[in-house]
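Here, each number is a calculation from the coordinates, and none is a lab measurement. It should be emphasised that the depicted structure is a prediction, and the values quoted were computed from it without experimental measurement. Cβ placement follows ideal geometry from the backbone for every residue including glycine, while neighbour counts extend to all protein chains displayed.
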Ligand SMILES: [Zn+2]
């Protein structure tokens with residue numbers, strides 16, 4: 001049976017609403033905590049088929065992250081399939097850049113695929129590495145509707161999940177008390193993944209912010225601060241001087257209280 005265009009829009013909207021509800025239902029702060037690598041230590045294994053350029057970009061990203069945060073990346077000692085209990089980040093050549101989920105997986109190792117088109121740029125690899133260490137897209141924050149309007153009908157169906165707004169509690173932990181950041185390396189561009197490339201997917205409420213949205217050149221100060229706050233890197237930059245940021249100590253205290261409240265509600 002052929003569905004009219006009107007019905008297709010209704011079905012797509014219902015599917016999106018369902019996906020958003022089920023994702024938000026899964027959201028909780030404890031689960032968000034488990035996305036992070038214990039002690040900020042990531043064990044990785046590089047595939048043999050990675051090209052020289054991609055390897056160099058991975059090295060540059062790791063050195064960059066280690067210089068501004070307390071994250072530590074160590075190569076896996078021993079062969080894949082050998083006896084080890086560590087959760088491992090396997091990095092392989094792929095057709096496109098793909099990471100199966102945000103953060104670490106408690107039950108096993110994770111796979112990051114780096115396709116040539118994106119992995120040729122170190123900062124695109126950096127975006128993927130931030131997903132690896134548990135950072136979500138900035139425009140998925142609970143408060144994003146105060147900063148951008150999203151045209152859900154113009155999102156490519158394969159990228160719908162990247163625009164789903166997360167629950168309030170998860171956003172409070174994940175945004176680490178920092179203000180909404182159009183300049184984040186984790187923010188998509190206005191025309192990121194559109195069905196119709198003539199129309200934007202997201203429009204900022206501050207028009208000039210469109211110039212910076214989707215930048216993939218550098219970590220913004222808030223990106224660095226977010227990593228250091230999430231991993232408790234107290235000797236590194238924590239972003240207390242960013243306008244609109246909740247001081248690190250206050251955010252941490254509030255986040256702990258919220259987690260306790262969430263545990264209490266669950267029982
Ligand atoms: Zn992403």
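State the volume of the convex hull built on the alpha-carbon positions of the chain, expressed per residue in Å³ and rounded to an integer.
With only Cα atoms used, the chain gives 168 Å³ per residue.
Given a cut-off of under 8 Å on Cα pairs at least six residues apart, what relative contact order in percent is computed for the range 206-267?
19 percent
Compactness ratio of the range 137-266: Cα Rg over 2.2 N^0.38 Å, N = residue count?
That ratio works out to 1.13.
For the pair residue 162 and residue 205, how long in nm is the line joining their label points, each one 7 Å along Cα→Cβ?
Simple spin-label model gives 2.4 nm for this pair.
Where does the range 33-132 land on the Kirkwood hydrodynamic radius, alpha-carbon pairs, in angstrom?
About 13.7 Å, per the Kirkwood formula over Cα pairs.
Below 8 Å, C-alpha to C-alpha, sequence gap of six or more: please give me the relative contact order for the chain in percent.
Relative contact order for the chain comes out at 18 percent.
Would you please put 238-249, 111-122 in order of how densely packed they are, using the mean number of other Cβ atoms within 10 angstrom per residue and starting with the highest?
So the peptides 238-249, 111-122, ranked by packing, come out 111-122, 238-249.
What FRET efficiency would be calculated for the residue pair residue 98, residue 153, taking the C-beta separation as r and a Förster radius of 22 Å, to the nearest 0.05?
0.30
Arrange the peptides 36-47, 181-192 so that the one whose residues have, on average, the most other Cβ atoms within 10 Å appears first.
Final packing ranking: 181-192, 36-47.
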